[in-house]
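Engineer: If you scroll down you'll find the structure; I have some questions about it.
The values are calculated or read from the model by the stated rules, or taken from the named source; none is laboratory data. These figures come from a predicted structure and were not determined experimentally. Using ideal geometry, Cβ is built from the backbone for each residue, glycine included, and neighbour counts are taken over all protein chains shown. The accessibility values were calculated without ligands, DNA or RNA, using every heavy atom of the protein model including side chains. Shrake-Rupley method; radii C 1.70, N 1.55, O 1.52, S 1.80 Å.
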Amino acid sequence: MTLLALLVSTDDSASEILGRVLPAYGIAVERFSDLATAIDRYQQQRFDTLIVDFEDPKAASEVLEQSRLNSGSRPVTVALVGERARARDILRGGAHFVLYKPLSEPKAKAGLRAVAALLNRERRRAHRVPVQAPVELKLPDNRAVDGILLDLSETGMEILTAEPQVPGSLLQFCFQLTDGSVTVRAHGQVAWANPNGQTGVHFLDLDEPTRTQLKTWVQAASGTNGAGAEETVPHCKLTDLSLGGCYLESDSPFPEHALVDLCLKTGEIAVHTEGLVRVAHPGHGMGVEFPSRTPEQRARVGDLIGLLRSSPESMLELIVSPRALLADLNQFEHAAELADAGASDVEDPLLELLRRGSALDEEDFLAELRRQRSGESVAT
């Protein structure tokens, strides 16, 4: 299945370059220079990514606002920006990625690598497997109704009920797959609904064991097990590291709040740990916080640091791949709250900098990062 991008730009040169680069990543592109026509097309067709030129900031913001109003899954958004000083405000305004103009083909390829990796990961997570199984529902008015499960993904399901459902409404559900391997009981939100009772439901609160079981079942049933090369960003450079996080130099960083997997490889050994992108600097790098709520999470970080210390730098390879566009902040905010309350007796200046990095201009952040490296006192 080809991914689809909507490009809104009057810049012929940038559009021509993107028209060559995007298909190389398996992304078809539709380009519009007229705002009204672009919005009309966006409302008719589901797009995986939205690329908006901020040469006209007001028009660009209007397009991004349309994406936020989308009742279904929000597309990954990319901003084309001519002035680097504006990038931080545009990211705060809702864009996931920034590409700087004027564009060149090498810059576009590098900048879109993380976009393509994230899109491929999201597509694999959303891959639906046809299923025929009964599902029990409890509607907002507390009525219990029966339905039929039609297909299933890691993040949602399609069901059929005798009566139409209401988009946006919340419901409880329970089903067991026909082989008895997975029982799912949780809450969901109606993402879309047809008059004939066909309904798309987005999962809201799957517990971790059920989420893992469901992911394993869907991947096995669909043959999509494991991340391929198209879902990774290789050749990242680890420049700063602490027990709480790290900074990676990369020409294709992932967006802030994304959940990523860091894989450090040397010979036959590969160590993985997850992380939350706290701050992203387009074309330069990203700061990643490690989760630390459970002993298993802390052990994985310890394994990664141990491998770094024991292996020659020339033999190490660091690969970053996306796990989700939005991380589960509960895995990280708990640690942040403890730090704010003074509950931690371990100082971690790098982690503190990462957590407030999105509020700093890129130059100020990097200057403070350099001061930490040199051992100078860090400005507050």
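Engineer: Failed condition for Asp89, given (1) open to solvent by 30 Å² or more (accessible area, probe 1.4 Å); (2) part of a helix (DSSP H, G or I); (3) of a type outside the set (Lys, Arg); (4) at pLDDT below 90, with all others met?
Structural biologist: In the conditions (1) open to solvent by 30 Å² or more (accessible area, probe 1.4 Å); (2) part of a helix (DSSP H, G or I); (3) of a type outside the set (Lys, Arg); (4) at pLDDT below 90, Asp89 misses (4) alone.
Engineer: If you don't mind, there's one more thing I want to ask. Can you report the number of residues in region 145-179 which are among the β-branched types (Val, Ile, Thr) and crowded, with 18+ Cβ neighbours inside 10 Å? Reasoning before the result, please.
Structural biologist: So the first thing to find is which residues in region 145-179 are among the β-branched types (Val, Ile, Thr), and the list is 145, 148, 155, 159, 161, 166, 178.
If we keep only those that are crowded, with 18+ Cβ neighbours inside 10 Å as well, we get 155, 159, 161.
Of the residues in that region, 3 qualify.
Engineer: Follow-up. Do you know which residues across region 22-56 are free of Cβ contacts under 8 Å to residues at least 60 places away in the same chain, surrounded by fewer than 14 Cβ atoms within 10 Å (Cβ to Cβ), hydrophobic (A, V, I, L, M, F, W, C) and within 23 Å of Thr2 (Cβ to Cβ)?
Structural biologist: Ala28, the sole residue that qualifies.
Engineer: If you don't mind, there's one more thing I want to ask. Given the conditions (1) within 28 Å of Glu231 (Cβ to Cβ); (2) of a type in the set (Asp, Glu); (3) modelled with pLDDT of 75 or more, and given that Glu347 satisfies all but one, which numbered condition is not satisfied?
Structural biologist: Of everything listed in (1) within 28 Å of Glu231 (Cβ to Cβ); (2) of a type in the set (Asp, Glu); (3) modelled with pLDDT of 75 or more, Glu347 misses just condition (1).
Engineer: Which of the numbered conditions does Gly283 fail, given that it passes all the others? Conditions: (1) modelled with pLDDT of 85 or more; (2) open to solvent by less than 40 Å² (accessible area, probe 1.4 Å).
Structural biologist: Looking at each condition in turn, Gly283 falls short on (2).
Engineer: Taking only region 126-145 into account, find how many residues are part of a strand (DSSP E or B) and either in contact with a strand residue (DSSP E or B) (Cβ under 6 Å, 6 or more places away or on another chain) or small (Gly, Ala, Ser) (or both).
Structural biologist: Let us first name the residues in region 126-145 that are part of a strand (DSSP E or B), namely 129-138, 144-145.
Next, only the ones that are either in contact with a strand residue (DSSP E or B) (Cβ under 6 Å, 6 or more places away or on another chain) or small (Gly, Ala, Ser) (or both) stay: 129-131, 133, 135-138, 144-145.
Total meeting the criteria: 10.
Engineer: Quick check, is Ala59 over 26 Å from Met286 (Cα atoms), open to solvent by 30 Å² or more (accessible area, probe 1.4 Å), in a helix (DSSP H, G or I) and hydrophobic (A, V, I, L, M, F, W, C)? Please lay out each step first, then the result.
Structural biologist: Values: over 26 Å from Met286 (Cα atoms): yes; open to solvent by 30 Å² or more (accessible area, probe 1.4 Å): no; in a helix (DSSP H, G or I): yes; hydrophobic (A, V, I, L, M, F, W, C): yes.
No.
Engineer: Which of the numbered conditions does Thr10 fail, given that it passes all the others? Conditions: (1) out of contact with any Leu (no Cβ under 7 Å at 6 or more places or on another chain); (2) open to solvent by less than 10 Å² (accessible area, probe 1.4 Å).
Structural biologist: Every listed condition holds for Thr10 apart from (2).
Engineer: Let me ask you something else. Among the residues in region 244-257, are any modelled with pLDDT under 85, in a loop (DSSP other than H, G, I, E, B) and open to solvent by 40 Å² or more (accessible area, probe 1.4 Å)?
Structural biologist: no
Engineer: Can you tell me which residues in region 69-88 are within 18 Å of Ala5 (Cβ to Cβ) and charged (D, E, K, R)?
Structural biologist: Arg74
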